[in-house]
Amino acid sequence: MNNSILLNQVYLTFVESFAKHRKDLSAIILTPHQHIWLGSDESSSIERLSLIENNKFADHQQFRVAEFIDLPAPEGEEIDIEGLAYADYYLWFVGSHSYKRQKPKSKYSDIKNIQRLATVRSESNRYILGRIPLVDGKLCSSCPHPQNPNEQLSAAKLELTNQGNLLMTALANDPHLGFYIQAAIPGKDNGFDIEGISIDQNRIFLGLRGPVLRGWAVILEIELESSHLGLMTLKPIGEENKGYKKHFLWLNGLGIRDLCLNGEDLLILAGPTMDLDGPVEVYRWQAGVNLAENTLSYPELVQDIPYGNREDHAEGMTIFNDVAGKPSLLVVYDSPAKNRLLGDSTVIADVFALGLGKG
C-alpha cells in the first residue's frame, strides 16, 4: 500500500562536467537564499543550485572540499558524502565512514568477479566529518560571523586517526558497533555506514544505515569542540564520557538513509541496509533531539516513498516548506529511473506532503 502524497516535482540542472553524478546524488539540504546543496557518493565536491523558477533549480556552482579542508587522500578518491546539514552559518557534511566491497562487473569473468567480491577496502576520504562556513550563499575557509563580527567562522574536520577518525576510534570497542568496525564489514553488508547528519545547537546526530541490530536502527549523538586550527575533537559526553551517545529506533527493520531536523523532531528517511530496492519510509522521531541516550524509541510512520526495480532509491531529503509554501519534503534518488533524466544534465526530484505522522 502506497501512502505517499506527491505534491510536485522539481528539476535540478547541473553543468555538463557533473552530469553523470546526477545519477548518484546522496545528500541534499535547502538553505536560506533558496539554495539547494547536494552531495554525490561518487565525488569529493559539494554542489550548489539556485532557485530560478518555482520548480526549477539551476545556476550550478561546484565547491571542491579540498579547497577548504585538507583531505587525507587525493581528491580523486571519493569522500562518499552521505549527509548535509546547515546550522549557524556552517554547512556540515559527513562521509560514509564505511568499508567498501568491490562489486562484480559484466566485463569480467565469473572467476574475476568472485575475486572482486573478496576484496574489501578502506578509503581514508570517507572518514571526513567536517564543516565549512556558509555566508551569503557561498562557502569560505574563514570569515567573521555575520551576527557577531568578533567571532571567526572557520572550516574544520574531526581529527583523523589510523582507524579513520576520533569517532571510529571511540567506537572500536563499543559493545553494539565495535565488532562491525573491527571486523571491517562493508557498509552494504550491514556494516558500519553513516548516511545522515542533523545539527541541533551544538549536538550532532548521525544516522546509521548499518548496522541494524535485530531490526533496531541506531543514531549516534556527538558534540565537537575545536582543538587547534582546522581540527575538532570529540567532547566527552555520554556514559563514562566515551564521546558519544546511542539511540535505538524501531524502523521496521530498516536502516537510516538520511536525517532532517524539523523543530525538535527528527525526520528519518529509512530504507534497506542491504543492496535491496525497498521498502522506503519516512518516520518522525518526536522530540528526538531531547531524548536520553540508551533508550528504545518507536518513531511515527509519516509516509511511504515509492521505489523502482533496481532504480529510484531515495537517498536524500530536505524540508521544502519555504519553496512549496506548505509542509513538504524534497527527495532525491540514487540510480534514478530513465524518465527522471532530462537532456544531458537535468534530473527530476519529488516533493511530498509532510504530515504529522500516522501513529
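The values are calculated or read from the model by the stated rules, or taken from the named source; none is laboratory data. Quantities reported herein were computed from a predicted structural model and do not represent experimental measurements. Cβ coordinates were reconstructed from backbone atoms using ideal geometry, including for glycine residues, and neighbour counts include every protein chain displayed.
Worth a mention:
- Residue tally, condition in contact (Cβ under 8 Å) with a residue 24 or more places away in the chain, of a type in the set (G, A, S) and farther than 26 Å from Y99 by Cβ, over segment 264-323: 3
- T346 satisfies every condition listed in (1) farther than 27 Å from L206 by Cβ; (2) crowded, with 18+ Cβ neighbours inside 10 Å; (3) hydroxyl-bearing (S, T, Y) except (2).
- Of the strands (runs of 3 or more DSSP E) lying entirely inside segment 122-192, those carrying at least 2 residues that are in contact with a Gly (Cβ under 9 Å, 6 or more places away or on another chain), surrounded by 14 or more Cβ atoms within 10 Å (Cβ to Cβ) and among the hydrophobic types (A, V, I, L, M, F, W, C) are 156-158.
- Subset tally (residues that are closer than 27 Å to G325 by Cα, part of a strand (DSSP E or B) and among the polar types (S, T, N, Q)) for segment 15-58: 3
- Residue satisfying condition, being under 25 Å from F63 (Cα atoms) and without any contact (Cβ under 8 Å) to a residue 24 or more places away in the chain, within set E151, E159: E151
- When the criteria are applied in full, V331 meets the requirement of being within 23 Å of L38 (Cα to Cα), out of contact with any Ser or Thr (no Cβ under 8 Å at 6 or more places or on another chain) and of a type outside the set (D, E).
- When residues of segment 67-84 are limited to those that are closer than 14 Å to L158 by Cβ and surrounded by 23 or more Cβ atoms within 10 Å (Cβ to Cβ), the one farthest from the chain's Cα centre (by Cα): I79
- Neighbours by Cβ (under 7 Å, 6+ apart or cross-chain): first from segment 338-359, over 20 Å from H313 (Cβ atoms); second at pLDDT 95 or above and among the acidic types (D, E): G357/E300; K358/E300; G359/E300
- Count of segment 25-51 residues which are at pLDDT below 95, touching a strand residue (DSSP E or B) at 6+ places or on another chain (Cβ under 6 Å) and surrounded by fewer than 19 Cβ atoms within 10 Å (Cβ to Cβ): 2
- Which numbered condition I69 fails, given (1) within 21 Å of Q9 (Cβ to Cβ); (2) touching a residue at least 40 places away in the same chain (Cβ under 8 Å): (1)
- Matching residues, segment 90-119, being outside any loop (DSSP other than H, G, I, E, B) and surrounded by 15 or more Cβ atoms within 10 Å (Cβ to Cβ): Y90, L91, W92, F93, V94, G95, Y99, K100, R101, N113
- Segment 193-231 - residue that is in a loop (DSSP other than H, G, I, E, B) and among the hydrophobic types (A, V, I, L, M, F, W, C) and, of those, modelled with the highest pLDDT: V212
- Within segment 232-261, the set of residues being surrounded by fewer than 22 Cβ atoms within 10 Å (Cβ to Cβ), acidic (D, E) and either in a loop (DSSP other than H, G, I, E, B) or touching a residue at least 40 places away in the same chain (Cβ under 8 Å) (or both) comprises just one member, E239.
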